Amino acid sequence: MRKKIFFFFVFVSAIGMQGQELVKCSRGKTFWSIPALGKNYTLQLAGNAEKANHERLITVDGKNLQFLVADKKAHVENAKSEDDLKVLVSFVRGESSYIISRLMVTMEIRSEAVTLSNGKKAILWSYQMPDGHNDQVTMQHYINVIEGDMIFGLASADFEGDDPEKTRQMLVDILGTLISVKDPKKLCDQ
């Protein structure tokens, strides 16, 4: 079994949160509830979901999954637009510039606009892990969407032998289930 490592996931504008919860309703039906700023962001997870050893990290069928919630205000200003895709592009530019400066390398960031199953537009972006920075992680994947006045995101990493397309599809599928609920304890009643 490969060693699971906390992967490099940096967002300078992330808002600190505590108390994520996995709400298991039945086999194959689990919700990931993430309280932030008076809301409970909730994602439906297919497969076996388990908490990990970090407050923003879980595993789904053995695959690490991490979340982020960031204020979109600064990115609206940088984009000089209220358009969701322009704000997300501004966000990704800022985050990828930060990552590149931290790793001190030149690398290609692959990004694309996608439409989620809930109809929202999101930005899916990724990069190959540069040589010498992590011997086990081969690629980083991120997806971000506007949810009200916040930017909500997920991230995952590929290890040697993982299929990047499956990782990207998992992120798209999960983020497409994003909702905000008042009481996560009632999710199983739906």
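The values are calculated or read from the model by the stated rules, or taken from the named source; none is laboratory data. In this text the structure is predicted, and so the values were computed from the model without any measurement. Please note: Cβ atoms are built from the backbone with ideal geometry, for glycine as well, and neighbour counts cover all protein chains shown. The protein model used for the area step is the full one, side chains on, heavy atoms only, and it has no ligands, DNA or RNA in it. Shrake-Rupley method; radii C 1.70, N 1.55, O 1.52, S 1.80 Å.
Could you tell me which GluC sites (Glu not before Pro) in the range 41-123 are loop residues by DSSP with no more than 16 other beta carbons within 10 angstrom of their beta carbon? Don't skip to the answer; put the middle values down first.
On the way: sites: Glu50, Glu55, Glu77, Glu82, Glu95, Glu108, Glu112; in loops: Glu55, Glu82, Glu108.
Answer by residue number: Glu55, Glu82, Glu108.
Rounded to the nearest Hz, the phi-derived 3J(HN,Hα) couplings of the range 52-60 under the Karplus curve 6.51 cos²θ - 1.76 cosθ + 1.60 (θ = phi - 60°) are 10, 8, 9, 5, 10, 10, 9, 10, 10, where x marks glycine and proline.
In this model, which of Lys121/Lys186; Lys63/Lys182; Lys39/Lys185; Lys24/Lys120; Lys51/Lys182; Lys86/Lys120 are farther than 24 Å apart at the alpha-carbon? Show your work: numbers first, answer last.
On the way: Lys121/Lys186 28 Å; Lys63/Lys182 28 Å; Lys39/Lys185 14 Å; Lys24/Lys120 26 Å; Lys51/Lys182 22 Å; Lys86/Lys120 14 Å.
Beyond 24 Å between Cα atoms: Lys121/Lys186; Lys63/Lys182; Lys24/Lys120.
Assign one of three labels to the range 50-154, namely rounded, prolate or oblate, based on the Cα gyration tensor with a ≥ b ≥ c the square roots of its eigenvalues; rounded applies when a/c is under 1.5, prolate when it is not and a/b is larger than b/c, and oblate otherwise.
Details: a/c = 1.87, a/b = 1.25, b/c = 1.50.
In terms of gyration-tensor shape, oblate.
Per residue, the average separation of C-alpha pairs within less than 8 Å and at least 6 apart gives the range 60-169 a relative contact order of 29 percent.
Taking Cα pairs under 8 Å and at least six residues apart, what relative contact order does the range 47-103 come out at, in percent? Relative contact order of the range 47-103: 18 percent. Beyond 18 Å, how much of the Cα-Cα pair distribution for the range 97-179 remains, as a whole percent? For the range 97-179, the share of Cα pairs beyond 18 Å comes to 44 percent.
Taking the accessible area of the chain, probe 1.4 Å, and keeping the other protein chains in place, the carbon and sulfur fraction comes to 48%. Ratio of Rg to Rh for the chain: 0.94 [Cα atoms; Kirkwood radius as inverse mean 1/r over pairs].
Here the gap between Ser97 and Lys185, fully extended at 0.36 nm per residue and compared with their Cα-Cα distance, gives a gain of 27.8 nm. For the range 64-79, putting each phi into the Karplus relation 6.51 cos²θ - 1.76 cosθ + 1.60 with θ = phi - 60° gives couplings of 5, 9, 10, 10, 8, 10, 10, 5, 7, 3, 4, 7, 5, 4, 5, 6 Hz, in residue order, rounded to whole numbers and with x for Gly and Pro.
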